[in-house]
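The values are calculated or read from the model by the stated rules, or taken from the named source; none is laboratory data. If you're wondering where the values come from, they're calculated on a predicted model, not measured in any experiment. Cβ sites come from the backbone with ideal geometry, for glycine too, and all protein chains shown count toward neighbours. Only protein heavy atoms, including side chains, enter the accessible area calculation; ligands, DNA and RNA are left aside. Shrake-Rupley method; radii C 1.70, N 1.55, O 1.52, S 1.80 Å.
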Amino acid sequence: QVQLVESGGGLVQAGGSLRLSCAASGSVRGISVMGWYRQTPGKQRELVADITSGGRTNYADSVKGRFTVSRDNAKNTVYLQMNSLKPEDTAVYYCNFKNHWNYWGQGTQVTVSS
């Protein structure tokens with residue numbers, strides 16, 4: 001089992017920045033992918049960005065150049081630095097941890113006002 005604890009969501013004006021953090025604990029040894037997804041009401045959860053334990057990253061086209069995903073393997077923590085935020089980035093952001101299984105955080109609200 002893996003437990004994920006997220007922090008860092010909130011309300012920000014368009015053009016502003018936020019940083020999300022997600023700490024994993026439990027059975028976190030070995031190769032894994034950690035990342036962030038987001039979801040708005042009535043829509044499917046979508047990938048924002050993820051990063052392998054080796055450091056390879058993957059981004060949704062909509063956030064490329066604005067968001068940066070990183071991880072600290074010693075702390076089992078993944079970060080999402082979000083810059084130049086837009087109102088359309090408003091969503092609940094979920095941390096995700098994949099090894100042999102798929103785990104989700106509880107979600108953190110990000111609201112970007114225009």
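Numbers for the structure displayed
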quantity: Tally of residues being open to solvent by 30 Å² or more (accessible area, probe 1.4 Å), farther than 16 Å from Arg38 by Cβ and either touching a residue at least 40 places away in the same chain (Cβ under 8 Å) or outside any loop (DSSP other than H, G, I, E, B) (or both) across region 61-82; calculated: 5
quantity: Which numbered condition Gln3 fails, given (1) at pLDDT 95 or above; (2) open to solvent by less than 50 Å² (accessible area, probe 1.4 Å); (3) within 18 Å of His100 (Cα to Cα); (4) of a type outside the set (Phe, Trp, Tyr); calculated: (2)
quantity: Cβ pairs under 6 Å, 6+ apart, first in region 25-37 and in contact (Cβ under 8 Å) with a residue 12 or more places away in the chain, second part of a loop (DSSP other than H, G, I, E, B) and charged (D, E, K, R); calculated: Tyr37/Arg45
